[in-house]
Amino acid sequence: QVQLVESGGGLVQPGGSLRLSCAASGSIFSIGPMGWYRQAPGKQRELVATISSGGRTNYADSVKGRFTISRDNAKNTVYLQMDSLKPEDTAVYYCNVDPPSGRWWGQGTQVTVSS
């Protein structure tokens, strides 16, 4: 049974930075691409960024140039570096495979951007 655990969220002022981590209990990275997703209150869950097993990345237009996704396969961990944060980035952030599987959604980690 594979489990994904997100961490690193918190409260940050506009313009600040956070680094999120997603740790897998099993070798889920062997599946291939991974992604970060987010869901704001009252909104649908949306794709933030994806990364292939070889490190190729894609980003939503809303975060391009501000967020960076990376992975460390030896540690079974995916990261999301978030810079120049905006109030619109406030959401619960989740990791999953790309495309996501309903079996593997975790608890997520809350990111709140507010002054």
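The values are calculated or read from the model by the stated rules, or taken from the named source; none is laboratory data. Predicted, not measured: the structure shown is a model, and the values here were computed from it. Note that each Cβ is placed from the backbone with ideal geometry, even for glycine, and that neighbours are counted across all protein chains shown. All accessible areas refer to the heavy atoms of the entire protein, side chains included, with ligands and DNA or RNA removed. Shrake-Rupley method; radii C 1.70, N 1.55, O 1.52, S 1.80 Å.
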Exercise for review: Consider residue 55 carefully, then state whether it is on the phi > 0 side of the Ramachandran plot, of a type outside the set (Asp, Glu) and either in contact (Cβ under 8 Å) with a residue 12 or more places away in the chain or surrounded by fewer than 17 Cβ atoms within 10 Å (Cβ to Cβ) (or both).
Suggested key: yes
Review point. Given the conditions (1) at pLDDT 95 or above; (2) open to solvent by less than 60 Å² (accessible area, probe 1.4 Å), and given that residue 88 satisfies all but one, which numbered condition is not satisfied?
Key: (2)
Check your understanding: Which one is modelled with the lowest pLDDT, of the residues in the range 27-45 that are open to solvent by 20 Å² or more (accessible area, probe 1.4 Å) and in a loop (DSSP other than H, G, I, E, B)?
Key -> 27
Check your understanding: Which one of the conditions (1) open to solvent by 60 Å² or more (accessible area, probe 1.4 Å); (2) under 14 Å from residue 34 (Cα atoms) does residue 78 fail to meet, given that it meets all the rest?
Key -> (1)
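Considering 62, 115, which residue is touching a residue at least 60 places away in the same chain (Cβ under 8 Å), open to solvent by 10 Å² or more (accessible area, probe 1.4 Å) and either touching a Cys at 6+ places or on another chain (Cβ under 8 Å) or more than 19 Å from residue 7 (Cα to Cα) (or both)? Break it down stepwise before answering.
Numbers: 62 fails: touching a residue at least 60 places away in the same chain (Cβ under 8 Å).
Just one listed residue meets the conditions, 115.
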Exercise for review: Considering each residue of the range 93-112, count those that are buried (at least 18 other Cβ atoms within 10 Å of the Cβ) and either without any contact (Cβ under 8 Å) to a residue 12 or more places away in the chain or over 16 Å from residue 3 (Cα atoms) (or both), and give that number.
Suggested key: 1
